[in-house]
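Here's the structure we're looking at; comments come further down.
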Amino acid sequence: MPFPLVRYFLLASLVFFVAVGGILGFYYRDMAVSRMLQQQEVANTNLTTVFANALWQRHFSGLLADARDKSSQELKQHSRLREIHADVLALMRNSTTYKIKVYDAEGRTLYSSEPAQIGEDKRGNPGFQGAMAGQTKTELVHKEKFSAFEQVVENRDLIQSYIPQYDGVSPQPVGVFEIYSDATPFLAELRRTETMLWLLVAGSLGALLAALFLIIRRADGIIRQQAADKERAQQQIAQSEKMATLGQLVAGVTHQLNTPIGFSHSNVSLAIATLKELGTPLLVAARLGDLVRALPADQETVVLRLGKSRQTLAALSCRGDEAQELSMMLGDVLNGLEQMRELVANLRDFTRLDRSKVIDTDLNAALKTVIYIARSSIPTRINVIEELDPLPPAACNPSQLNQVFLNLITNAAQAIPAEGSIRVRTRSEGSEIVIEIADTGAGIPKDVLPHIFETFYTTKPRGVGTGLGLSIARDIVHSHGGRISVDSQEGLGTTFRIVLPLLAPETIQTL
């Protein structure tokens, strides 16, 4: 089945481009948010310095001292809160700061721009804990509803910072500032920029995808054309190899045909000569029969007056068994014709032209046909042994497999320099059929064995071997969904093993 290059390219490219766009967008957003947090953290730190300079000594240091022995309810009612709130509000006017809170070292809220939160315990808050460890902690949070000084705002993105505060004497923080700054306008701008970036990236990647698609589609067309050309070339090579193999069998087939033709011709000639000799006796017998039929029924004697026929009758030489000999000669002619008919039938089965048809086939019968054809070119000193176990029908292209079997049997015969044998074995193993063709020849050298299935590789003399037989055999077996392997030992022989499935694959490539 052809590989759907364009389809997989589009799917892979779309997944890749979406992933790249997502990564770029995420990276841009993460980088922008991180830079915003860093900048706002610096701004909040600077703002805290302003608060500390303006309010710490004036308000918060005293509040910090007073809070040690006061309860949360007493802190909410502290007399300094109104004045502190007024000063904080004056400092925050026209700024993006929405909320300010001040904690003591114990985590109690000494002051909040939202008075209801004064006195709350924030010791477990990670931001407070980080600030008490000497680190400024900043994060981006979203609030659906939020109290900001004298108003309530909704659906805002805020930058929340916890900033340690020192008294200049102790190395440990004596308190923590918590500041909320509005980041909603910045994030809205970030989203607009992110959308534009997405459109730019999508446009660029889309243009790149379109260019690559045109290139891939063109390349796919070239590949398909090359594949079609290659398939046609393989078909031509396979047919040429098959005809070359048949050419090698012509001499043997000619001999097999000449033998019955020769004795049939001789017997027919003898039969014609015998029939000529029997011509006169048959005429005499026919005339005698006419005379007998003309006599009355009660007359039992015939008087012959030979006259001028005496000399002719005396010259007749007939033993009486010529008809039996003639029957035997014609019987031999019929036997010769049967041999020729069988040879022609096997040749027809082997060379059938329907190479693309897949049918249920008795591989044992196919092997017998191939062996019959191959024997015409195999020397009589080589014995072909058939060990064919019963096999279920296999869906295959018999014409293609016949070519494989003939090639392997012919190669096996050529590998036997003197007397020897070729053993053809078949067996069924589950859903597979195993065919083995073993010879007692010289074997394949170890340095040659890895190359025997390579196209155009041959160890035969120039003009004798094409180097295509085993390569084509391998391709045919693979196209049937099967396997072909070889086991060889120098001096002991070679065994080729073919394993074929009973069910043909969806497409058997025509080779």
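No lab work stands behind these numbers, since they all come straight from the coordinates. Keep in mind that what you see is a predicted model, and the values were worked out from it rather than measured. As a convention, Cβ positions derive from the backbone with ideal geometry for all residues, glycine included, and neighbour counts pool all protein chains shown.
For this structure, a couple of remarks:
- Around the amide H of Leu468, modelled in the peptide plane, lie the amide H atoms of Phe456, all under 5 Å away and 5 or more residues distant in sequence or on another chain.
- Most tightly packed first, judged by the mean number of other beta-carbon atoms within 10 Å of their residues, the peptides 362-369, 214-221, 415-422, 290-297 read 362-369, 415-422, 214-221, 290-297.
- For Met31, Met132, order by how many other beta-carbon atoms lie within 10 Å, fewest first: Met31, Met132
- Pairs exceeding a 18 Å alpha-carbon distance, out of Lys76/Lys143; Lys101/Lys122; Lys76/Lys101; Lys76/Lys122: Lys76/Lys143.
- Take each peptide in 8-19, 102-113, count the other Cβ atoms within 10 Å of every residue, and average; sorted highest first, the result is 102-113, 8-19.
- Three-way shape label, segment 93-175, alpha-carbon gyration tensor, a/c 1.5: prolate
- Net +/- balance of residues flanking Glu490 in space, Cβ distance below 15 Å, scoring K and R +1, D and E -1: -2
- Stretching the chain fully between Leu326 and Arg218 yields a gain of 31.2 nm (0.36 nm per residue, less the alpha carbon separation).
- The gain in end-to-end length when the Val141 to Phe16 segment is fully stretched comes to 41.8 nm, 0.36 nm per residue minus the alpha carbon separation.
- Per-residue Cβ neighbour rank within 10 angstrom, fewest leading, Ile435, Ile378: Ile378, Ile435
- Summed side-chain charge close to Lys143 - residues other than Lys143 whose Cβ falls under 10 Å, Lys, Arg +1, Asp, Glu -1: 0
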